[in-house]
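Here the structure is laid out as structure tokens; the discussion comes afterwards.
The values are calculated or read from the model by the stated rules, or taken from the named source; none is laboratory data. Here the structure is a predicted model, which is why all the values come from computation and not from measurement. Heads up, the Cβs are rebuilt from the backbone with ideal geometry, glycines too, and the neighbour counts pull from every protein chain shown.
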Amino acid sequence: MTDLAGLDLSCPLRHVAIIMDGNNRWAQERGLSGVAGHRTGVENVRNVLNASRDYGIEALTLFAFSSENWRRPKSEVRGLLTLFATYIRSEARELRDRNVRLRVIGERERFSKGLRKRIEKAEAQTADGDMDLILAVDYGGRWDITEAARTLAEKAAQGELDPAAITEEMFSEELCLADLPPPDLCIRTAGEQRISNFLLWQMAYTEFYFASCYWPDFGEDAFALAINEYQSRKRRFGLSSSQLLLSKSEGA
């Protein structure tokens with residue numbers, strides 16, 4: 001159980017996104033294979049999911065495998081996809097029992113037929129959950145935006161849509177996770193400070209937190225530090241501090 005002492009839960013997080021980085025380096029420093037690092041990283045997902053539930057987080061999106069990761073050595077890619085398939089198979093029932101809805105976003109076309117069926121089965125099995133666990137696998141933010149643009153272009157070409165009528169809201173509705181609020185907080189582990197083509201549109205006003213530890217070491221205490229840091233910030237969404245206070249008072 002996560003220790004909530006000292007955390008201000010009056011300003012709860014709805015959606016947290018995490019770039020799980022550093023599995024390989026964690027393994028190398030211990031003389032282990034890269035796959036061993038990824039395996040430990042997968043096990044850590046349970047810890048962070050438990051903490052997220054304790055904090056009342058509604059959606060947790062994890063960047064598990066980017067569209068650029070296909071460039072890695074074939075043995076590593078094969079190991080990553082095997083771990084992903086194993087996680088889907090072994091965790092679906094537990095996620096269902098804990099009312100967690102599993103969702104997978106990404107292209108999927110490059111996955112085997114068997115893996116695609118496994119994903120669909122797990123999503124159906126957990127569909128009634130009240131918390132979302134989203135795994136971004138073979139996902140890229142540019143791909144997401146391109147697919148949304150293609151969908152709107154096809155509608156316009158068929159006469160279903162006036163291009164001049166397209167709005168940001170209409171575009172957002174064609175993106176992955178259109179039914180969820182944008183991430184309030186994005187965490188990246190292993191000291192890297194970039195978003196690596198992750199949820200590019202959705203994170204326009206997301207707060208970022210960069211943890212120095214590798215993903216396998218990012219436990220509940222590290223998660224609590226990230227949330228404390230988030231709660232110390234003022235989210236102004238383009239307004240000045242005084243304008244933000246005024247808008248809050250008018251909305252009260």
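Filtered by the rule that a residue be loosely packed, with under 12 Cβ neighbours inside 10 Å and under 24 Å from I195 (Cα atoms), segment 111-154 gives R142, T146, R150. Annotation: of all residues in segment 53-72 being modelled with pLDDT of 95 or more and under 19 Å from I88 (Cα atoms), the one that is farthest from the chain's Cα centre (by Cα) is A59. The single condition among (1) at pLDDT 95 or above; (2) surrounded by fewer than 18 Cβ atoms within 10 Å (Cβ to Cβ) that V104 does not satisfy is (2).
Residues in segment 152-191 that are of a type in the set (A, V, I, L, M, F, W, C) and part of a loop (DSSP other than H, G, I, E, B) were compared, and the one that is farthest from the chain's Cα centre (by Cα) is L161. Looking for something surrounded by 14 or more Cβ atoms within 10 Å (Cβ to Cβ), small (G, A, S) and more than 17 Å from W215 (Cβ to Cβ) - is there at least one such residue anywhere in segment 38-56? So far as segment 38-56 goes, no, none of its residues is surrounded by 14 or more Cβ atoms within 10 Å (Cβ to Cβ), small (G, A, S) and more than 17 Å from W215 (Cβ to Cβ). If you go through segment 107-144 and pick out every residue that is without any contact (Cβ under 8 Å) to a residue 60 or more places away in the chain, within 14 Å of the chain's Cα centre (by Cα) and part of a loop (DSSP other than H, G, I, E, B), you end up with 0. For segment 70-90, the set of residues classified as touching a Leu at 6+ places or on another chain (Cβ under 9 Å) and touching a residue at least 12 places away in the same chain (Cβ under 8 Å) consists of L81, F84, A85, Y87, I88, listed by residue number.
For S212, indicate whether it is over 14 Å from the mean Cα position of the chain (by Cα), within 24 Å of A27 (Cβ to Cβ) and surrounded by fewer than 18 Cβ atoms within 10 Å (Cβ to Cβ). The answer is yes for S212.
Every residue, every condition in (1) of a type outside the set (F, W, Y); (2) farther than 15 Å from A64 by Cβ; (3) at pLDDT below 95, yes or no:
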position	(1), (2), (3)
K121	yes, yes, no
L135	yes, no, no
D138	yes, no, yes
G141	yes, no, no
G159	yes, yes, no
I166	yes, yes, no
F171	no, yes, no
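When E58 is tested against (1) out of contact with any Lys or Arg (no Cβ under 6 Å at 6 or more places or on another chain); (2) under 20 Å from L180 (Cβ atoms), exactly one condition is not met: (1). Residues that are touching a residue at least 12 places away in the same chain (Cβ under 8 Å) and among the hydrophobic types (A, V, I, L, M, F, W, C) were ranked within segment 34-52; the one that is farthest from L95 (Cα to Cα) is V35.
Kindly list, by first and then second residue, each pair from a residue in segment 192-212 that is outside any loop (DSSP other than H, G, I, E, B) to a residue that is of a type in the set (K, R) and surrounded by 15 or more Cβ atoms within 10 Å (Cβ to Cβ), limited to pairs with Cβ atoms under 6 Å and residues at least 6 apart or on different chains. Partner pairs satisfying both residue conditions: F210/R188.
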